[in-house]
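J.: Pasting a structure below so you can have a look.
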Amino acid sequence: MVQHTQELRKLIAQALPELDVVLAWTSGSNQLASAPLFITAEDDLDKLDFGPMHVQNLAAYLPSLKGRKVGIVTRGCDSRTIIELLQEKLINRDEITIFGIPCTGAVNIRKVREAADGQRLRSVEAGKDIVSVTTDEGVRTIPMQDVLMEKCYNCPSQTPLIHDHMVTERNGCHMTGEAPESTLDKLDAMEPDARFAFWEESMDRCIRCYACRNACPLCVCKDSCVAQSRDPHWVDLSDNPREKLMFQAIHALHTAGRCTECGECERACPMGIPILAMKQALNRRIKHLFDYEAGMDMENTPPLFMFRQQEEHIKERDAR
Amino acid sequence: MPVLEGKELRIVGFLCNWCSYGGADTAGVGRFAQPTDLRIIKLPCTGRVNPLFVVRAFLNGADGVLVSGCHPGDCHYTAGNFYARRRLEVLRELLDVMGIQPERFHYTWVSASEGQKWKQVVSDFTARIHELGPAASFSNCPAVTVETGMKAAI
């Protein structure tokens with residue numbers, strides 16, 4: 001058993017009597033089958049596991065558990081989501097107990113599958129700096145650096161920004177070297193028409209399952225989502241790229257200035273559509289305009305919830 | 001009188017009831033000649049402009065979208081245009097990343113007395129859209145009409 005997992009178990013066991021549930025991760029038959037674990041009794045702690053393959057942002061469950069005493073195991077990036085939820089008063093600080101764990105990087109499972117060239121995966125093992133994939137043809141090792149999630153390359157902090165308890169036995173990120181070209185980089189290099197065609201092609205694949213929305217920790221409208229509203233009728237049900245792109249625009253604008261780029265939308269997408277790029281673009285613009293990054297400071301107000309009479313970076317646009 | 005007879009493009013204008021709609025009215029009363037590509041939608045305030053109005057307009061086939069309201073500080077509801085200003089600036093980036101040239105979208109402030117300025121805004125914006133030509137649209141995607149919109153709503 002890895003030391004940090006043991007320490008984590010000890011911390012949770014101590015706090016568990018005070019809590020209704022603790023959110024953590026567990027592994028299934030192989031590590032690709034990583035899943036959330038809801039700990040309510042000490043027996044559940046045996047199933048707890050954490051490593052680079054446990055990628056889900058557990059903070060997405062918090063708003064629906066508001067009003068209960070919840071513990072949550074949190075990496076650096078997920079703590080930004082928690083801060084953002086606290087800022088918007090979607091959760092209460094005194095109801096949650098945060099078990100911080102330093103992150104060594106999270107694996108993009110889609111990249112692992114791609115590396116296996118479509119072969120059926122027998123098992124996957126994440127080592128210190130490599131991921132070994134066992135297929136019918138044998139074992140293949142991939143450098144961790146090549147299969148990390150995009151967000152890990154620009155990680156602002158591997159330790160959580162807020163925490164109540166902290167696992168100390170873990171250090172050293174897998175991240176070394178340059179980030180690979182992101183979808184946003186590719187889009188930036190395109191002409192507008194090519195970008196439009198890119199989205200047409202991408203949205204053509206969308207099956208409108210709304211997994212992106214359901215996985216998003218900041219999508220909290222639940223049954224009032226405009227995608228399903230008949231009055232006003234924002235998106236119709238036809239199966240064409242226009243309506244699907246409209247939905248993505250809705251999602252991007254509703255999370256503008258709030259999105260912490262956890263990447264759950266893109267990770268949850270069964271069709272592998274790179275929808276995070278839209279949110280990254282908006283965040284980049286917001287950083288430039290308002291010098292603001294979501295989920296960094298609990299006392300801040302998201303920029304689109306407020307205004308200044310004199311905006312420093314918005315130059316008044318004249319008629320011409 | 002259409003400036004470009006028979007070559008109109010679809011431009012949607014979201015105008016604040018208190019200033020720019022009045023400004024457009026002033027321009028009309030003053031009989032200032034303007035291009036006729038613009039279809040005006042009157043709103044109580046630019047603060048009412050959901051950036052998604054603009055996205056929806058483009059996806060439904062608009063070639064340009066203009067938002068116009070009261071000058072900052074002159075809002076009938078005190079702060080509507082301040083909020084609008086932030087949202088619309090952010091929207092510009094979304095249009096860009098979606099592949100809709102941000103030049104097709106413009107927001108400006110015109111007061112009820114500025115008929116002359118309104119004429120200038122409309123003429124310049126229309127000229128700009130004509131320079132850009134019709135906006136890109138999805139192939140294999142039936143256009144949104146009143147009928148299809150109604151059917152979808154049922």
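The values are calculated or read from the model by the stated rules, or taken from the named source; none is laboratory data. Computed from a predicted model, the values in this text were never measured in an experiment. Here the Cβ is made from the backbone with ideal geometry for all residues, glycine too, and neighbour counts use every protein chain on show. Heavy atoms of the whole protein, side chains included, go into the accessibility calculation; ligands, DNA and RNA do not. Shrake-Rupley method; radii C 1.70, N 1.55, O 1.52, S 1.80 Å.
J.: Could you point to the residue in A:ILE314, B:HIS76, A:ILE82 farthest towards the positive end of the protein assembly as shown's charge dipole, with +1 and -1 charges on the Cβ of Lys/Arg and Asp/Glu respectively?
T.: B:HIS76
J.: Can you give me the Cα centroid spacing of segment A:220-277 and segment A:138-203 in angstrom?
T.: Using only Cα atoms, the two centres lie 21 Å from each other.
J.: Springs between alpha-carbon pairs under 10 angstrom, Gaussian network model over chain A: which of A:GLN228, A:GLN310, A:GLN280 fluctuates most?
T.: Largest GNM mean-square fluctuation: A:GLN310.
J.: I would also like to ask the following. Apply the a/c threshold of 1.5 to the C-alpha gyration tensor of segment B:86-138 and tell me whether it is rounded, prolate or oblate.
T.: Working: a/c = 4.01, a/b = 1.49, b/c = 2.70.
Verdict is oblate for segment B:86-138.
J.: If you don't mind, there's one more thing I want to ask. Which of these, B:ILE41, B:ILE11, B:ILE129, has the largest mean-square fluctuation under a Gaussian network model of chain B (Cα springs below 10 Å)?
T.: Answer for the Gaussian network model of chain B: B:ILE41.
J.: Report, for the protein assembly as shown, the % of DSSP beta bridges that are antiparallel, rounded to 5.
T.: Within the protein assembly as shown, antiparallel bridges account for around 40 percent of the total.
J.: Hey, another quick one. When ligands, DNA and RNA are left out and all protein chains stay put, how many square angstrom of accessible area per residue does segment A:116-247 have with a 1.4 Å probe?
T.: Details: 7100 Å² over 132 residues.
Averaged over the residues of segment A:116-247, the accessible area is 54 Å².
J.: I would also like to ask the following. In segment A:74-207, with Lys and Arg counted as +1 and Asp and Glu as -1 at Cβ, which of these residues, A:HIS163, A:MET203, A:ALA179, has the Cα nearest the positive end of the dipole, that is, farthest along it?
T.: The Cα lying farthest towards the positive end belongs to A:HIS163.
J.: Give me a single rounded figure for A:191-199: the average over its residues of other chain Cβ atoms within 10 Å of their Cβ. Walk me through the intermediate numbers first.
T.: Values: counts 2, 13, 3, 2, 7, 8, 4, 3, 5.
For this peptide, the per-residue mean of nearby foreign Cβ atoms is 5.
J.: Ok, one more. Might you tell me the accessible area per residue for segment A:268-315, computed with a 1.4 Å probe and given in Å²? Numbers along the way, then the final one.
T.: Values: 2530 Å² over 48 residues.
Accessible area per residue, segment A:268-315: 53 Å².
J.: In addition: Pairs A:LYS151/A:LYS186; A:LYS47/A:LYS89; A:LYS66/A:LYS111; A:LYS315/B:LYS117: which are spaced more than 25 Å apart, C-alpha to C-alpha? Working shown, then result.
T.: On the way: A:LYS151/A:LYS186 16 Å; A:LYS47/A:LYS89 32 Å; A:LYS66/A:LYS111 35 Å; A:LYS315/B:LYS117 19 Å.
In this structure, A:LYS47/A:LYS89; A:LYS66/A:LYS111 lie more than 25 Å apart at Cα.
J.: Might you tell me the accessible area per residue for chain B, computed with a 1.4 Å probe and given in Å²? Spell out each step's value before the answer.
T.: Details: 6740 Å² over 154 residues.
The answer is 44 Å² per residue.
J.: What is the distance in Å between the Cα centroid of segment B:3-71 and that of segment A:39-90?
T.: So the separation of the two Cα centres works out to 47 Å.
J.: May I pose another question? Farthest toward the dipole's positive end in segment A:43-149, which of A:PRO143, A:LEU45, A:GLY127, given Cβ charges of +1 (Lys, Arg) and -1 (Asp, Glu) about the Cα centre?
T.: A:LEU45
J.: Please compute how much accessible surface disappears when B pairs with A, both sides summed, using a 1.4 Å probe, and round it to the nearest 100 Å².
T.: Answer for the B-A pair: about 4300 Å² buried.
J.: Counting only other chains, what is the mean number of Cβ atoms within 10 angstrom of the Cβ of each residue in peptide B:58-70? Before the final figure, lay out each step's value.
T.: Numbers: counts 2, 7, 2, 1, 0, 0, 0, 0, 0, 0, 1, 0, 0.
Mean number of neighbouring Cβ atoms from other chains: 1.
J.: Please identify, among A:HIS165, A:HIS288, A:HIS254, the residue showing maximal mean-square fluctuation in a Gaussian network model of chain A using a 10 angstrom Cα cutoff.
T.: It is A:HIS288.
J.: Helices from chain A with mean Kyte-Doolittle at least -0.5 and a Cα length along the axis of 15 Å or more, per DSSP H: which?
T.: Working: long enough: A:3-15 (19 Å, -0.82); A:76-87 (17 Å, 0.18); A:192-205 (20 Å, -1.09); A:241-254 (19 Å, -0.21); A:276-290 (21 Å, -0.19).
Membrane-span-like by this rule: A:76-87, A:241-254, A:276-290.
J.: When the accessible area of chain B is computed with all protein chains present and a 1.4 Å probe, what percentage of it is carbon and sulfur? Each step should come with its number before you reach the end.
T.: Numbers: 3730 of 6740 Å².
After summing per-atom areas, the C and S share lands at 55 percent.
J.: Mind putting a number on the dipole of segment B:4-108 about its Cα centre? Charges go on the C-beta only, +1 for Lys and Arg and -1 for Asp and Glu, and I need it in Debye to the nearest 20. Please list the in-between numbers first.
T.: Numbers: 12 positive and 10 negative charges, 54 e Å.
Dipole about the Cα centre, nearest 20: 260 debye.
J.: With a 1.4 Å probe and all protein chains left in place, how much of the accessible area of segment A:73-180 comes from carbon and sulfur atoms, in whole percent?
T.: Working: 2330 of 4960 Å².
Solvent-exposed carbon and sulfur of segment A:73-180 make up 47 percent of the total.
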